[in-house]
Amino acid sequence: MSDTKRVGLTDIARGVIRGVPDAPSVARGLYRLATVRPGSHQSIGSVIERWAKKTPDAPALRFEGRTWTYAEFNAWANRIAHALAQAGIRSGQTVAILMENRPEALVCVAATLKLGAVAGLLNHNQRGEVLAHSIDLVKPAALILSAECQEALESSGFATNADACTRFWHGGDDGAPPPAGWDDLDRLAGRQPSTNPASTSSVRADQPCFYIFTSGTTGLPKASVMTHYRWLSAMGGVGNATLRLRGDDVFYVCLPLYHNNALTVSWSSVLAAGACLALDRKFSASRFWDRVRDNGATGFCYIGELLRYLLNQPASGRDQDHAVRLITGNGLRPEIWDAFQQRFGIDRIYEFYGASESNIAFINAFGVDRTAGFTPMAFAIVTYDTDADAPIRQGGKSRMQRVRRGDVGLLISKVTNRRPFDGYTDAKATEGKLLRNVFRNGDCWLNTGDLVRDQGLRHIQFVDRTGDTFRWKGENVATGEVEGALAQLPGIEHGVVYGVQVPGHDGRAGMAAVTLAAGHAFDGAGLARGHCETLPPYAVPVFIRLREEQDTTGTLKYRKVDLKTDGFDPVSVTDPLYVLLDRDKGYERLTERVAEAIAAGGCRL
């Protein structure tokens, strides 16, 4: 079921040899990592200003056929920064930004950071109480709204309780006039000078720069804190030392700007080289490669689900008709790694591991296939009890135990002054992520909430989220690995795997919400046969739920909370349900009578 690849010295040697031509860029990255200090006066705004001075005419941003140079982008950000400052925005305050992907969103972020303020990137896909919750978490002194998101904001009730918040309006594509009580930001900025604000030079690296919201797949989102220091570290470690972009590169970004892969990984990599960021409104599987070609992109950033969507598209004679030589992202399943790379002719895949709130990152710096990469930072992979949903402590001092090479465990990272855990805006949620007295009295480690495989030589492979992994028949079932196997079966467009409680049984039984590919009918016998051939018996889903489409977050992550709650009750679930009672017969329709028999213990699963 799983790819148990181990990383050896030969893999590392190949990567080192391959990286020799890019040694100067690697050296710059390592120098940046070594010299940036939390208390130093270094910031994202100063990086933008440096490129505007060094290469003023180089392209900085591209969007729907229009390009802004570094000088133009910096001047635009300066005018907005002066307008915000004139309205009273100061260092340390939060400016919430509610816009879809557009140049104005990125330039408003840059303007906010130049003042030492914090940009709160709101998820424009949220509505109602969820959006209201997100706004309340960051407590903005100002909110910048684009016309296309007005309906979303109104659904949150923001307009009725926002007296203490300065409101700025952008008219969107059609230049819609501002509603009553809103200031026209474009008009205000047009009156301001384009000079660099003096405040930029005072911003310290340890100050917050963004609030990045968690995806909310398991509940209400939390606002994680990103500092200039961590962003600058990503610029050196990912941008210079790993991706090694050149000044003439164009990096395509279709992920939402409120996602860290866009705002930190992609933007920092671009600014590491003074390259160009090609921004798109959103991801489209059918138009993706056309947009890549239109922008002349030489690289792009992904999340794993995005690549699966692309791989599910019909093969085309133009699959390798592009200039992309490298991609970076996270969540690429080992099961589709080779297929994607070979079909689309991608030279280098730089998978990484990292979370918005985490103090650790792994990056595939040596270009080894099917790994989330390497880190020099302090980490451990410890044994984990899936039933208790907690790491295992043993001995009289209740210490944790590291797993053996090749085994799966909970990833934890050491919290130090150089690698602090910036956490969330909620102090209780921040403390809840910390583990203390792990290996010795007084030590402190971050619980990443992720199960990973120790591949050796400080490399890991992502396996699953702790909340998604469940136990059945005495064995741990990693939903991500079952989803990967399911995606390889013919006729399956998407498969979302989760555990459901069954009366009279310990643990949880596997259930898969399946969307069939166009033109395919459900084949219960064939699906069961495919599962039994590729999965160990305990990992074969017991229940199947057919869905026309899957619920996803704005970053294409599957929503599982409601699916788990629904369970396998044919009375409350309107989608067709199937159950595997006989492996030879395959999946058969789950009726009320059969469901009652299962609940009463009358059927053997």
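Before moving on, here are some points about what is shown:
- Residue match in segment 331-352 (condition: closer than 23 Å to Leu33 by Cα, part of a loop (DSSP other than H, G, I, E, B) and either at pLDDT 95 or above or not aliphatic (A, V, I, L, M) (or both)): no
- Residue selected from segment 292-306 under the condition farther than 21 Å from Gly331 by Cβ and buried (at least 18 other Cβ atoms within 10 Å of the Cβ), by the criterion nearest to the chain's Cα centre (by Cα): Thr298
- Here is the figure for segment 429-445: residues that are of a type in the set (S, T, N, Q), out of contact with any Cys (no Cβ under 9 Å at 6 or more places or on another chain) and surrounded by 12 or more Cβ atoms within 10 Å (Cβ to Cβ) total 1.
Yes/no per residue for (1) closer than 30 Å to Ile349 by Cα; (2) part of a loop (DSSP other than H, G, I, E, B); (3) of a type in the set (Ser, Thr, Tyr):
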| residue | (1), (2), (3) |
| --- | --- |
| Gly172 | no, yes, no |
| Pro179 | no, yes, no |
| Ile212 | yes, no, no |
| Met226 | yes, no, no |
| Tyr229 | yes, no, yes |
| Val238 | yes, no, no |
| Pro256 | yes, yes, no |
| Trp267 | yes, no, no |
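- Filtered by the rule that a residue be more than 29 Å from the chain's Cα centre (by Cα) and within 19 Å of Val203 (Cα to Cα), segment 54-78 gives Ala75, Asn78.
- In segment 565-605, of all residues being among the small types (Gly, Ala, Ser) and within 23 Å of Leu516 (Cβ to Cβ), the one that is surrounded by the fewest Cβ atoms within 10 Å (Cβ to Cβ) corresponds to Ser572.
- If the condition is being closer than 20 Å to Phe470 by Cα and touching a residue at least 40 places away in the same chain (Cβ under 8 Å), then segment 579-591 contributes only Leu580.
- Scanning segment 435-445 turns up one or more residues that are outside the structural domain of Val496 (by TED's automatic domain parsing), in a strand (DSSP E or B) and under 18 Å from Ala361 (Cβ atoms).
- Enumeration of residues in segment 73-93 that are of a type in the set (D, E, K, R) and surrounded by 18 or more Cβ atoms within 10 Å (Cβ to Cβ): Arg79
- Residues being more than 26 Å from Leu332 (Cα to Cα), out of contact with any helix residue (DSSP H, G or I) (no Cβ under 6 Å at 6 or more places or on another chain) and in a loop (DSSP other than H, G, I, E, B) are entirely absent from segment 458-468.
- Pairs with Cβ under 9 Å, 6+ apart, first in segment 564-575 and in contact (Cβ under 8 Å) with a residue 60 or more places away in the chain and small (Gly, Ala, Ser), second surrounded by 10 or more Cβ atoms within 10 Å (Cβ to Cβ) and outside any helix (DSSP H, G or I): Gly567/Val500; Gly567/Gln501; Gly567/Val502; Gly567/Met511; Gly567/Phe543; Gly567/Val573
- Search result, residues across segment 559-572 that are among the aliphatic types (A, V, I, L, M) and either more than 26 Å from Arg465 (Cα to Cα) or modelled with pLDDT of 95 or more (or both): Val571
- Residue match in segment 366-377 (condition: surrounded by fewer than 17 Cβ atoms within 10 Å (Cβ to Cβ), at pLDDT below 90 and within 21 Å of Arg308 (Cβ to Cβ)): yes
- Within segment 380-428, the set of residues being of a type outside the set (D, E, K, R), free of Cβ contacts under 8 Å to residues at least 40 places away in the same chain and surrounded by 14 or more Cβ atoms within 10 Å (Cβ to Cβ) comprises Thr383, Ile392, Met400, Gln401, Ile412.
- Any hit, segment 536-543, residues being free of Cβ contacts under 8 Å to residues at least 12 places away in the same chain, over 21 Å from Arg308 (Cβ atoms) and not assigned by TED's automatic domain parsing to the domain that holds Ala262: no
- Only strands (runs of 3 or more DSSP E) whose full extent lies in segment 29-105 are considered here, and the ones with at least 1 residues that are among the aliphatic types (A, V, I, L, M) and out of contact with any Pro (no Cβ under 9 Å at 6 or more places or on another chain) are 59-63, 94-98.
- The sole residue among Arg37, Arg32, Arg28 that is touching a Leu at 6+ places or on another chain (Cβ under 9 Å), in the same structural domain as Ser269 (by TED's automatic domain parsing), within 28 Å of Thr416 (Cα to Cα) and of a type in the set (D, E, K, R) is Arg32.
- Of all residues in segment 296-312, those satisfying the criterion of being out of contact with any Phe, Trp or Tyr (no Cβ under 8 Å at 6 or more places or on another chain) and either in the same structural domain as Arg559 (by TED's automatic domain parsing) or assigned to a loop (DSSP other than H, G, I, E, B) (or both) are Gly296, Asn312.
- Assessment of segment 479-493 against the conditions (out of contact with any Asp or Glu (no Cβ under 6 Å at 6 or more places or on another chain) and either assigned to a strand (DSSP E or B) or among the aromatic types (Phe, Trp, Tyr) (or both)) yields at least one matching residue.
- Pair list, Cβ < 8 Å and 6+ apart or interchain, from segment 151-164 residues that are modelled with pLDDT under 65 to residues that are not charged (D, E, K, R): Ala159/Leu153; Ala159/Gly181; Ala162/Leu143
- Selection status of Gly247, assigned to a loop (DSSP other than H, G, I, E, B) and either closer than 21 Å to Leu33 by Cβ or touching a Lys or Arg at 6+ places or on another chain (Cβ under 6 Å) (or both): yes
- Condition met for Asp347 (surrounded by fewer than 20 Cβ atoms within 10 Å (Cβ to Cβ), under 24 Å from Asn240 (Cα atoms) and in contact (Cβ under 8 Å) with a residue 40 or more places away in the chain): no
- Only one of Asp450, Asp464, Asp468 that is under 24 Å from Ser398 (Cα atoms), surrounded by 15 or more Cβ atoms within 10 Å (Cβ to Cβ) and charged (D, E, K, R): Asp450
The values are calculated or read from the model by the stated rules, or taken from the named source; none is laboratory data. Everything numeric here is computed off the predicted structure, so don't read it as measured data. Cβ atoms come from the backbone with ideal geometry, glycine included; neighbour counts cover every protein chain shown.
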